[in-house]
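Participant: One structure is given below, represented as structure tokens, and several questions about it will come after.
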Amino acid sequence: MRARLQHKGDSASQLLAAGERLFASRGFLGVSVGDLVAAANVTRPVLYYHFGSKEGLYAAVTEKVVTAYEAALAQARTEAASVVDRIRRVCRAHVAVRRAWVLLGGPAGLGPGAEHRPSDSNGHLTRVARCIQALVAEGVENGELVAFDVSAATLALVGAAEAVVVRWPGSQRDPLRTEDRLDKVLDVPLRGLVSQAGS
């Protein structure tokens, strides 16, 4: 009985991994149930047992992306590191989830599975903006960042992260990794914010 339950758990994990990989490379509409079960090395009834449908698997994959995003934001807010390092980590988490949404079909994507996507495309922007705003305020308070308009600084940093998602979604022709590109773009607003006393 235990071996059977373990197999069921493994097959759900295999389907999640296959779904994440396939939806990211082809989008929701570009992946069939046959593709999913073949990639996970399971049968169709196993997919239906665990997730009910392709849409159900898609919902589970997107939930996994959101959960990882929320955890990354929480960790970046609370870890023992400089405010600048934590801002960079928050922006990296944001870019990763925004790229995942683009690859998965995104919140603005149309077609089956749309009801399982986030209801608004600004949900992630709002969360990351609040997180960065709190970090900037903390940095100003502790002297790591210069006294500056916190809202304007937040907008500049979130805008820099969004620019990396929109302008440089990543390609094999681009020699820089997305993280490296993001670091270079973030350097511009951060240089103006870092206090000489805090550096």
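Taken together, the values in this text are just the output of simple stated rules run on the coordinates, not laboratory data. In this text the structure is predicted, and so the values were computed from the model without any measurement. No Cβ is skipped: glycine too gets one built from the backbone with ideal geometry, and neighbour counts run over all protein chains shown.
Participant: Debye calculation, C-alpha points only, no solvent: report log10 I(q)/I(0) for the stretch 15-86 at q = 0.20, 0.29 Å⁻¹, in the same order as the q values.
Facilitator: Calculated log10 I(q)/I(0) at the listed q: -0.75, -1.29.
Participant: Another question, if that's okay. From the phi angles alone, apply the Karplus equation (6.51, -1.76, 1.60; θ = phi - 60°) to the stretch 80-89 and give each ³J(HN,Hα) in whole Hz, x where the residue is Gly or Pro.
Facilitator: After applying 6.51 cos²θ - 1.76 cosθ + 1.60, I find 8, 8, 5, 4, 4, 4, 5, 4, 4, 5 Hz.
Participant: Testing the spin-label approximation: label points 7 Å from Cα along Cα→Cβ at residue 48 and residue 137. State their distance in nm.
Facilitator: 5.2 nm
Participant: Length gain on complete extension for the stretch residue 148 to residue 39, per 0.36 nm per residue less the alpha carbon to alpha carbon distance? Each step should come with its number before you reach the end.
Facilitator: Numbers: separation 109, 0.36 × 109 = 39.24 nm, distance 5.12 nm.
Contour length minus Cα-Cα distance gives 34.1 nm.
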